[in-house]
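Worksheet for the structure shown next.
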Amino acid sequence: MAKPDRDASPKGKPWKEYGRYGSIGIELVLSMLLGLFIGYRGDIKFGTKPWLTLLGIVVGSYAGFRQLMAASKKMERDLDRAEASERQRVDEDARIDSAIRALKADETAAKDETPKNGSEP
């Protein structure tokens, strides 16, 4: 007997996906804020207002959007993998259905070929 797949449960899978991809916006905002904070602290320390703050925002934004793009590529791969798995399952179901129809047709043909009592000499 095969073990049930935990990811296949309709209740667990959506929450896993929400957790994985729901944090992308938070990561983007936090990386921008971290860049702002580091740039602002650098401006205070070196007296270069507002240049390090602007640089920090740009670098933080770049890091956040880079993470966003990596997550979107991973999401796309996950979707492609799920679609391929679903196509494989549908193809397998279709093969099973055609095999069952072929067996039923063979069974019907075998019944039609058997002589009935008294109908043939």
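Scan the range 48-78 residue by residue and report those that are of a type in the set (A, V, I, L, M), surrounded by 11 or more Cβ atoms within 10 Å (Cβ to Cβ) and without any contact (Cβ under 8 Å) to a residue 12 or more places away in the chain. Working first, answer last.
Filtering the range 48-78 for residues of a type in the set (A, V, I, L, M) gives 52, 54-55, 57-59, 63, 68-71, 75.
Going one step further and asking which of them are surrounded by 11 or more Cβ atoms within 10 Å (Cβ to Cβ), we end up with 52, 54-55, 57-59, 63, 68, 70-71, 75.
Ala70 - this is the single residue of the range 48-78 that is of a type in the set (A, V, I, L, M), surrounded by 11 or more Cβ atoms within 10 Å (Cβ to Cβ) and without any contact (Cβ under 8 Å) to a residue 12 or more places away in the chain.
Of everything in the range 16-44 that's in contact (Cβ under 8 Å) with a residue 24 or more places away in the chain and touching a Phe, Trp or Tyr at 6+ places or on another chain (Cβ under 9 Å), which residue is surrounded by the most Cβ atoms within 10 Å (Cβ to Cβ)?
Checked the range 16-44; the qualifying residue surrounded by the most Cβ atoms within 10 Å (Cβ to Cβ) is Gly35.
Condition check ((1) closer than 30 Å to Ser23 by Cβ; (2) part of a loop (DSSP other than H, G, I, E, B)) across all residues:
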residue: Gly35; (1), (2): yes, no
residue: Thr48; (1), (2): no, yes
residue: Gly56; (1), (2): yes, no
residue: Glu76; (1), (2): yes, no
residue: Arg81; (1), (2): yes, no
residue: Glu92; (1), (2): no, no
residue: Asp97; (1), (2): no, no
residue: Ala105; (1), (2): no, no
residue: Thr108; (1), (2): no, no
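Yes or no: Lys104 over 37 Å from the mean Cα position of the chain (by Cα), of a type in the set (Lys, Arg) and loosely packed, with under 15 Cβ neighbours inside 10 Å? Explain how you work it out, then say what you get.
Numbers: over 37 Å from the mean Cα position of the chain (by Cα): yes; of a type in the set (Lys, Arg): yes; loosely packed, with under 15 Cβ neighbours inside 10 Å: yes.
Criteria met by Lys104.
Read-outs: derived from the displayed coordinates by stated rules, not from any lab. A quick note: this is a predicted structure, and the numbers were derived from the prediction, not measured. We place every Cβ from the backbone using ideal geometry, glycine too, and count neighbours over all the protein chains shown.
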